[in-house]
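Single-structure report; data block below.
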Amino acid sequence: MARIHVVFESGEPARTIEFDPREAPFQHDGQPASVLDVLLGHGVSLQHACGGSCACTTCHVIVTQGAQFLSTAEENEEDMLDRAPGLTPTSRLGCQAVIRDPDAEIHVRVPRHTVNLISGHGS
Amino acid sequence: MAVEHSARLEGVVEYGPATRALILRLATPLAFLPGQFISCLLPVGDVVLTRPYSIASDPDSPDRLEVVIDLVPNGPGSAHLFSLVPGDTIRYTGPWGTFTLEDAPRTEAVFIADGTGIAPIRPMIHRALATAVRPVTLLYGHQGGTPLLFADELTVLRPNYTPVVVPSAALLDETKHRYVTADAERERHFYVCGVGPIVYALRDLLRGAGYARHAVRYEKW
């Protein structure tokens, strides 16, 4: 089984999810077997204002371990990430980062703020 | 998670059997930038679908939004929205999105919209014309048999503004002709919106021709 460990800067309790990527999709938003798909499909909330279609940055996650298990970011994801607050070298969009290895071990951190350009601090 | 708001469907503008605009009266005014979208929470069956809709109206009407929707074949979200009648309530979060224009760029600005991709472009053009010091152009791809949205307003030549309507199938070639092969100028800024692979094709054409990555902004539906 693959595993995702997720921690939240907002202080919500950390979660660890075990899953088989071959059973994706786990729900209806984002790429099948993406970080967003796995989290939502296992009862873990992650903002995804555009419905998981790579049209915003609200599902921004920072990968702290296991980046090699994730699909390579394409240009549209990179363009979106360019405008994400708190961007790091290991930032990804949860809706686009796909896990295919059934033995993957991935750790991600969910930043406190997502982007809302009017207020500067969306939620 | 994001704060949810509610809006009342105040009116519907039919643009054809598969395209309409919804006029939304918001319970609380919404501050947003031209180009942003709201994220509608649509109860469909046992689930709540999250669907983004670009705001086609201007920020100076913060309690009355206009969004454009296409009826997507087998699309439960758009089918739900098409079933709504004036007086119904819609829940949403937002505004969201980074495909925005606060002020016109210091260079020539070129907006490229394909079909209903004109929705976020409309308020962006309004803002650009209010602040522009260089020419503003709209390349507007028209799909045969479909309505040309906001034609009365956006396809009229004005000082500093040149609208060009071309068949959608010719949008890529027209862009190449005007902005790649016609001259060596590479300082323009582009804002592209549409449905499907044409958006990436335009992006790749322009960046591949030497325009800076940050100067080619786009939103693909």
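The alpha carbons of chain B occupy a box of 54, 34, 33 Å along the principal axes, longest dimension given first. Each residue in B:ARG134, B:ARG122 was given a count of other beta-carbon atoms within 10 angstrom of its own, and listing them fewest first yields B:ARG134, B:ARG122. Result for chain A in a Gaussian network model with C-alpha springs under 10 Å: among A:LEU87, A:LEU36, A:LEU46, the largest mean-square fluctuation is at A:LEU87.
Taking every eigenvalue of the Cα gyration tensor of chain A, multiplying by 5 and rooting it, what semi-axes result, largest first, whole Å? Don't jump to the answer; show the numbers that get you there.
Details: eigenvalues 90, 45, 36 Å².
Over the Cα atoms of chain A, the semi-axes work out to 21, 15, 13 Å.
For the stretch B:87-216, the C-alpha radius of gyration divided by 2.2 N^0.38 Å, with N the number of residues, is 1.07.
Helices in chain A, meaning DSSP H runs of at least 4 residues, each add -39500 (n - 2.57). Divided by all residues, the mean residue ellipticity at 222 nm is -3000 deg cm²/dmol.
Per-residue mean of other chain beta-carbon atoms within 10 angstrom of the beta-carbon, peptide A:43-52? Show your work: numbers first, answer last.
Numbers: counts 0, 0, 1, 1, 6, 3, 13, 9, 8, 2.
Shielding by partners across A:43-52 averages 4.
Sequence-distant contacts, meaning Cα pairs under 8 Å at least 6 residues apart, place the relative contact order of chain A at 33 percent. With helices as the sole contributors, chain B gives -5500 deg cm²/dmol at 222 nm; each DSSP H run of n ≥ 4 counts as -39500 (n - 2.57), and the sum is divided by every residue. With loop membership from DSSP and a limit of 16 other Cβ atoms within 10 Å, the longest segment of chain B without trypsin sites (Lys or Arg not before Pro) is B:1-105.
Within the stretch B:167-221, all pairs of alpha-carbon atoms sorted by distance into 10 Å bins from zero give the percentages 25, 61, 15, 0.
Look at the alpha carbon pairs under 8 Å that are at least 6 residues apart: their mean separation over the length of the stretch A:8-79 gives a relative contact order of 18 percent.
Working value for the protein assembly as shown: equivalent-ellipsoid semi-axes of 34, 25, 18 Å, each the square root of 5 times a Cα gyration tensor eigenvalue, largest first. Taking other C-beta atoms within 10 angstrom as a stand-in for reagent exposure, A:GLU18, B:GLU10, B:GLU66 fall in the order A:GLU18, B:GLU10, B:GLU66, fewest first. Per-residue shielding of B:91-100, expressed as the average number of other chain Cβ atoms within 10 Å of the residue Cβ, stands at 6. Among A:ASP79, B:ASP88, A:ASP103, A:ASP37, sorting on how many other beta-carbon atoms sit within 10 Å of each Cβ, with the fewest leading, yields A:ASP103, B:ASP88, A:ASP79, A:ASP37. What is the spin-label model distance, in nm, from B:ASP103 to B:VAL195 if the labels are put 7 Å beyond Cα along the C-beta direction? Output for this residue pair reads 3.6 nm.
Here the dipole of chain A is about 340 debye; that uses its Cα centre as origin and unit charges on the Cβ of Lys and Arg (positive) and Asp and Glu (negative). Dipole size of the stretch B:158-201 about its Cα centre, with +1 on Lys/Arg Cβ and -1 on Asp/Glu Cβ: approximately 100 debye, rounded to the nearest 20. Once C-alpha pairs closer than 8 Å and six or more residues apart are averaged by separation and normalised to the residue number of the stretch B:7-150, the relative contact order reads 27 percent. Taking the charge dipole of chain A about its Cα centre, with +1 at Lys and Arg Cβ atoms and -1 at Asp and Glu Cβ atoms, the residue from A:LEU39, A:HIS60, A:HIS113 reaching farthest to the positive side is A:HIS113. When +1 charges are put on Lys and Arg Cβ atoms and -1 charges on Asp and Glu Cβ atoms, the dipole computed for chain B relative to its Cα centre reaches about 420 debye.
Any read-out appearing in this document is the output of simple, stated calculations on the displayed coordinates, not a laboratory observation. Here the structure is a predicted model, which is why all the values come from computation and not from measurement. Note that each Cβ is placed from the backbone with ideal geometry, even for glycine, and that neighbours are counted across all protein chains shown.
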